[in-house]
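The values are calculated or read from the model by the stated rules, or taken from the named source; none is laboratory data. Quick caveat: nothing in here was measured; it's all calculated off a predicted structure. Using ideal geometry, Cβ is built from the backbone for each residue, glycine included, and neighbour counts are taken over all protein chains shown. Protein only, heavy atoms only, side chains kept; ligands, DNA and RNA dropped before computing areas. Shrake-Rupley method; radii C 1.70, N 1.55, O 1.52, S 1.80 Å.
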Amino acid sequence: MIWEHSQELFDDLKKLNGIHLQIQWEEVFFEENEQLPFLDVLVERDKDSPFTTTTVYRKPTHHPVKDKLSGIRTLVYRATHYYSTASLKMAELAHLRLLLTTSIQSSFW
């Protein structure tokens, strides 16, 4: 959804939070550089196209995987389910391969 006025956003957020007490939206993210993080997904808008692309969102404080096996499974799941194109999915899997290879060679295990 796109809100022109921030007060509308906060009013709608209040309504969403009233639907289910255990599901609460507390944080608001704003689009920067045609990108908007949402949950584990980074939504990117292309100025030359009406379409958006999706990739895995990595917080700026992203650290190497600590909970090794479940962390790896989670990263692979995200890579295989959150991408809108095959080329972006393959790029993420290549990134994971490099990350895990580098981590294994260092003190990962």
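Numerical summary
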quantity	calculated
Residue, modelled with the highest pLDDT, within the range 31-77, restricted to residues that are in a helix (DSSP H, G or I) and either farther than 17 Å from residue 93 by Cβ or hydrophobic (A, V, I, L, M, F, W, C) (or both)	76
Inter-residue pairs, beta-carbon under 8 Å, first more than 17 Å from residue 69 (Cα to Cα) and in the range 84-99, second modelled with pLDDT under 95 and exposed (fewer than 15 other Cβ atoms within 10 Å of the Cβ), 6+ apart	84/52; 89/80
Among the candidates 13, 21, residue that is outside any loop (DSSP other than H, G, I, E, B) and either modelled with pLDDT of 80 or more or surrounded by 10 or more Cβ atoms within 10 Å (Cβ to Cβ) (or both)	13
Looking only at the range 37-55, and only at residues there that are open to solvent by less than 60 Å² (accessible area, probe 1.4 Å) and in contact with a strand residue (DSSP E or B) (Cβ under 7 Å, 6 or more places away or on another chain), the one that is nearest to residue 96 (Cα to Cα)	55
